[in-house]
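In what follows, a structure is listed as structure tokens, so that the remarks can point back to it.
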Amino acid sequence: MYRIKKGSYEPGKQDQAEELAVGTIEQRISQIQTYFSNTEDLIVQKFDNQICSIVYVESLVKHESLQAYFMTPMLESGDRALEQLVRSTTAKLTNIYQIGKCMLEGCCVLLTENEQAAIIIRVPQSYERSIQEPKDEQVIKGPHDGFIENPVTNLYLLRKRLRNPKLKVKYFTMGKLTNTKVTMVYMDQIALPKLVAEAEKRLSSVDSDYLYSVGNINELLEEHPMSLFPQTLQTERPDRAVSYLMEGKIIIFVAGNPRALILPITFFAFYQSPDDYNTRWIIGSFYRIIRLISFVIAICLPAIYIAIVTYHSEVLPIGILYSVKVSLTYVPLPPLLEALVMQTILELLKEAAIRLPSPISQTIGIVGGLVIGTAVVEAQLVSHTMIVVIGLTAIASFATPINEFGTSLRVLGFPIMLAASAFGFFGIAIMLMLVFIHLCKIETLGIPYFAPFGPFEGKESIKDIFLRLPLWMVTRTSRDKGQGGTKHSLFGRWKRP
């Protein structure tokens, strides 16, 4: 958790208990200005024909609404408009902390001579981008809309697909300086109560000065921060989020961030794509198997190459062995250093392509893949076989539907390469054992990360793991993946004609 450091701001009970002064309007305006540190975008509007003033933060208020629904009627109708507004307004506050909180949410404050309480007028400004398809989670078939930075719009996208009164929403405010709004969504009577209680406990116990992204929440909620494997899944796709809600998972939104945080999550969820369920089950199963094979290729292929070249050349057929040995004849670098250099160059090219504008990033890909690759081979700094191995490794890591997981696999390949260089195939076997022991050991909200295999939960629970079986063959409940719920079957009504 984030802890308050010495000297950082923390509103105390005295700040939260301060009341508006009993006196003139100017005294109360001065009190509000002092609370907002005399910022120059705090606007004070005074009316000549009224004994009242309106105070608001300029950048947070929609001026058109303020002018149409308050300013114009007030100037035209005089005292009658003020009396009608005061009678029809239910939000009247005297606490300066609550008044400031409302103003930061886009409200105006009306101060009158005869009323100590401040009248709250809600006219928030809103700047939103349109709903678009996520660029890093594109699908061939399926919906093409995605979450945006506004949690209210994101809830609309969920409720549009899931018209069920059991969809439950809870709000939290985090960060003593930022007051960030965090939204937790789950399906009542499907999500296990103990998971919901644990998630609420962790969110309520967050103690931070600031919180502005899903990544901050992720670091505060995960149980094994030193693990390379992500323990929560971040998505911008509403269809994926709805499917996880129906499995009993919990979704968390952070205001100002378009990504939804899904927990608890398992290892195999990172290899499932919405396209699996929008195509025929045979095609979906084929691509899912390809992705799972890519996991082994991404972490083991460079290590296997190093082990074969260094210790176990006899496992190769004589024709392939001759070709590999010829390509290594004039290469001055040992296989381990050769692989490390090429993996590092790959990460540099990937990072450069991400940071540069789109037209330039395409050029970087061409320069890196063709010019640099050809140049290092012709200069005999790297063998032809190593170029092929690193290229296949990169493609296998990019086949993962979640980019964060693919990056973790490439990082995991470095220690496995070191073990292969030191002990050959034996080192690879030991490292893979440690990796799978680690996968079986970690948990997310008390749910095993490697479920349903660690521990094994029965053959019925693996029907949607390696293969995407037809819906009429799957009669699982939300307990089958360990996320749990009541007696609720996701596909229980799907029967073969």
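The values are calculated or read from the model by the stated rules, or taken from the named source; none is laboratory data. Source: prediction; values computed, not measured. Positions of Cβ are backbone-derived with ideal geometry, glycine not excepted, and every protein chain shown enters the neighbour counts. To get the accessible areas, we keep the full protein, side chains included, count just its heavy atoms, and leave off ligands, DNA and RNA. Shrake-Rupley method; radii C 1.70, N 1.55, O 1.52, S 1.80 Å.
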Could you please let me know if residue 279 is farther than 18 Å from residue 413 by Cα, of a type in the set (Val, Ile, Thr) and touching a residue at least 60 places away in the same chain (Cβ under 8 Å)?
yes
Condition check: in contact with a strand residue (DSSP E or B) (Cβ under 8 Å, 6 or more places away or on another chain), not assigned by TED's automatic domain parsing to the domain that holds residue 410 and not hydrophobic (A, V, I, L, M, F, W, C). Does residue 204 satisfy that?
yes
Identify, please: which residue in the stretch 453-462 is of a type outside the set (S, T, N, Q) and in contact with an Asp or Glu (Cβ under 8 Å, 6 or more places away or on another chain) and is, among those, surrounded by the fewest Cβ atoms within 10 Å (Cβ to Cβ)?
460
Odd one out for residue 265, checked against (1) open to solvent by 30 Å² or more (accessible area, probe 1.4 Å); (2) in contact with a strand residue (DSSP E or B) (Cβ under 6 Å, 6 or more places away or on another chain)
(1)
Of 372, 387, 416, which residue is assigned to a helix (DSSP H, G or I) and in contact with a Gly (Cβ under 7 Å, 6 or more places away or on another chain)?
387
Verdict on residue 341 being buried (at least 16 other Cβ atoms within 10 Å of the Cβ) and more than 22 Å from residue 270 (Cα to Cα):
yes
The residue that is nearest to residue 258 (Cα to Cα), considering only those in the stretch 196-228 that are assigned to a loop (DSSP other than H, G, I, E, B) and touching a helix residue (DSSP H, G or I) at 6+ places or on another chain (Cβ under 6 Å), is 206
Does residue 419 satisfy the criteria of being open to solvent by 10 Å² or more (accessible area, probe 1.4 Å) and not hydroxyl-bearing (Ser, Thr, Tyr)?
yes
Six or more apart or on different chains, Cβ under 6 Å: which pairs go from a residue in the stretch 42-60 that's modelled with pLDDT under 85 to one that's outside any helix (DSSP H, G or I) and polar (S, T, N, Q)? Could you list them?
46/53; 52/112
Do we find that residue 288 is open to solvent by 40 Å² or more (accessible area, probe 1.4 Å) and in contact with a helix residue (DSSP H, G or I) (Cβ under 8 Å, 6 or more places away or on another chain) in this structure?
no
Counted residues in the stretch 443-488 being of a type in the set (S, T, N, Q) and either farther than 22 Å from residue 275 by Cα or modelled with pLDDT of 85 or more (or both) come to 3
In the set 176, 141, 135, 181, which member is part of a loop (DSSP other than H, G, I, E, B), of a type in the set (Lys, Arg) and surrounded by 14 or more Cβ atoms within 10 Å (Cβ to Cβ)?
176
Here are 436, 450: which of them is of a type in the set (Phe, Trp, Tyr) and either crowded, with 18+ Cβ neighbours inside 10 Å or not in a helix (DSSP H, G or I) (or both)?
450
Do we find a residue being among the hydroxyl-bearing types (Ser, Thr, Tyr), modelled with pLDDT under 85 and in a helix (DSSP H, G or I) anywhere in the stretch 101-121?
no
Subset of the stretch 392-413, residues open to solvent by 30 Å² or more (accessible area, probe 1.4 Å) and either under 22 Å from residue 335 (Cβ atoms) or part of a helix (DSSP H, G or I) (or both), comes to 392, 395, 398, 403, 404, 407, 411
Are there any pairs with C-beta distances below 8 angstrom linking a residue in the stretch 355-374 that is under 18 Å from residue 386 (Cα atoms) to a residue that is at pLDDT 70 or above and among the β-branched types (Val, Ile, Thr), with the two at least 6 apart or on different chains, and if so which?
368/345; 372/345; 373/387
